[in-house]
1. Describe numerically, in nm with one decimal, the distance between label points set 7 Å from Cα along Cα→Cβ at residue 152 and at residue 236.
2. Go ahead and run the numbers for FRET between residue 83 and residue 170, Cβ-Cβ distance against an R0 of 45 Å, rounding to 0.05.
3. State the extension gain, in nm to one decimal, for the chain segment bounded by residue 101 and residue 162, taking 0.36 nm per residue of separation less the distance between their alpha-carbons.
4. Could you give the length gained on full extension between residue 122 and residue 67, defined as 0.36 nm per residue of separation minus the Cα-Cα distance, in nm?
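None of the figures in this text is laboratory data; all of them are computed from the coordinates on show. Please read all numbers here as calculations on a predicted model, not as lab measurements. Every residue, glycine among them, receives a Cβ derived from its backbone with ideal geometry; neighbour counts consider all protein chains shown.
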């Protein structure tokens, strides 16, 4: 046999196999779609899917797509299939009859790093741990009794706001009411959780500065979440190192808060004005958890 004929034979065999397999693969893909009974979906581009159709104003783009394809449609955002629901009837159907199916949240890079592997109340997967943290939140942290116990915090912060507005009026100065209301609401939340203000009057607050950095990173886009094979890009751009740095700084700050609370209790000091950390520490001390929770998990719940 002529050696030169061997490559030709192999190439012919390869092309014959491709011609046979390609229609088969297309048929299997279409058959799978029919079996899954997926919602309608706009045309997709290779690799990026429907990302290009979101535009600069995604909420308006989703509205237009919903009007064209229906109140329940499927988008492919990179490697992530995403269902868009845009009618009250569909939402009611999902919440009432399919709540367990839709109970989980996407596990993004930011959630994994900043919330200790999805240990918070919002992003933790549905299961026994989710039931436990939900019970802590509903019964201990967000009950009527607990909310009422923090009334003094709200009164003090609102009084400071009124005095600040009054002072500006007397001086004839203009005010930014939006910033002032954000200032008050963030301080109320942080005082209820940690007994620390998120923002001080002089603008200096380590916790406030860390919280802002965390929020910016949490709401930023991560290429690796949509394209897992490009996760290395987030390392090169500094996105992942920045999140790890903020997480480490928060750990150090929150460890200090724990030590302050433990020192307060060790001195036999009793206060009726307890924050979330005090409440959770007491629950942990009393053995109220069905399963032992780490401090990382507890901090995630506080977030």
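1. Going from the residue 152 label point to the residue 236 one covers 5.6 nm.
2. 0.25
3. Gain on stretching residue 101 to residue 162: 17.3 nm.
4. 16.8 nm
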